[in-house]
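What follows is a single structure, written as structure tokens, with notes after it.
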Amino acid sequence: MFKLITLQDTIRIPPETFGNPLEKVGHDQVKAKYEGFVDEELGYVIAVTNVEVSPIGKIIPGDGATYHKVTFSLLTFCPVLQEIVEGDVVEIADFGAFVRIGPVDALLHVSQLMDDYMSYDEKQGVLLGKETKRKLMSGDQVRVRITAVSLGRAGSSGKIGVTARQPFLGKLEWIKLEASQTKEAAEKKTAQEKAE
């Protein structure tokens, strides 16, 4: 889930940037500190916006820089357990597929793809269902449910696990086919009930 979070912090304005516009230097300092950061509470920090730097700063003895209070917004992506998301398959491997959801890739393990034995065709880069003959390849769009989230500590990108083994999850083409078959079956049942 994407969120826009407003925070406050104190930033250090280095002496070599004195004379430059305070808002620009402040934005650069906040951006350097927060963008790309991964945190269990915030999630993945994608962008820093709306930076407002207090024009009044403080000087600490022994440091030539000034310290200013700053208020800013962060655009974050925080995966939530049981959330249903759509993404693109970016890589296929013998053990599953990597699905791009937001700014990160989640693992869709072969055991979580469908109720069918899946084989990996390395030459074509495809996962193929033995009985259903359904194929999953790079570039396919899928709808999945988030089943595991492990946001790492500083320096680690974390891991996300997803499943498609539930009704109306999986490759979008399969979902449309399943929905139309369900609709046809319901219409057939209704027609039979009216005929009786």
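Laboratory data are not the source of any read-out in this text; all were calculated from the coordinates shown. These numbers were taken from a predicted model, which means no experiment stands behind them. A quick note on method: Cβ atoms are made from the backbone with ideal geometry, for glycine too, and the neighbour counts reach across all protein chains shown.
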Practice task
Determine ³J(HN,Hα), in whole Hz, for all residues of segment 10-17 in sequence, where each value follows from phi through the Karplus function 6.51 cos²θ - 1.76 cosθ + 1.60 and θ = phi - 60°; x replaces Gly and Pro.
Solution key: 10, 10, 9, 9, x, x, 5, 9
Practice task
Note down the nm distance, to one decimal, between modelled labels 7 Å out along Cα→Cβ at D121 and at Y67.
Solution key: 6.3
Completion exercise
In nm, the gap between the two label points placed 7 Å beyond Cα toward Cβ at E131 and E91 is 3.2
Exercise for the section: Would you mind checking which residues have amide H under 5 Å from L151's amide H? H placed 1.01 Å from N; only 5 or more apart, or other chain. Expected result: K159
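Taking 30 Å as the cut-off for C-alpha to C-alpha distance, list the pairs among K130/K183; K123/K171; K24/K159; K31/K135; K33/K58 that go past it.
Exceeds cut-off: K24/K159; K31/K135.
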Handout entry: Degrees, to the nearest 10: 22-34 long Cα axis against longest axis of the chain
Key = 50
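With N set to the number of residues, divide the alpha-carbon radius of gyration of segment 110-196 by 2.2 N^0.38 Å and report two decimals.
Cα-based Rg divided by the globular estimate yields 1.49.
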Fill in the blank from the handout: Which of (i) 16.1, 52; (ii) 24.6, 92; (iii) 15.7, 43 gives Rg and Dmax of the Cα atoms in Å as computed here? It is (ii)
Exercise for the section: Per DSSP H run of at least 4 residues, take -39500 (n - 2.57); add these up for the chain, divide by its residues and hand me the 222 nm value, nearest 500 deg cm²/dmol. Expected result: -6500 deg cm²/dmol
Completion exercise
Within the under-15-Å Cβ sphere about V110, not counting V110, Lys/Arg +1 and Asp/Glu -1 give a net charge of -3
Exercise for the section: Round to the nearest 10 and give me the degree value, 0 to 90, for the angle of helix 172-195's Cα axis relative to the longest principal axis of the chain. Expected result: 40
Handout entry: the chain: most fluctuating residue of I56, I160, I11 per GNM, C-alpha cutoff 10 Å
Key = I56
Exercise for the section: Apply 1/(1 + (r/R0)^6) to the Cβ-Cβ distance of I84 and K58, taking R0 = 35 Å, and write down the FRET efficiency to the nearest 0.05. Expected result: 0.15
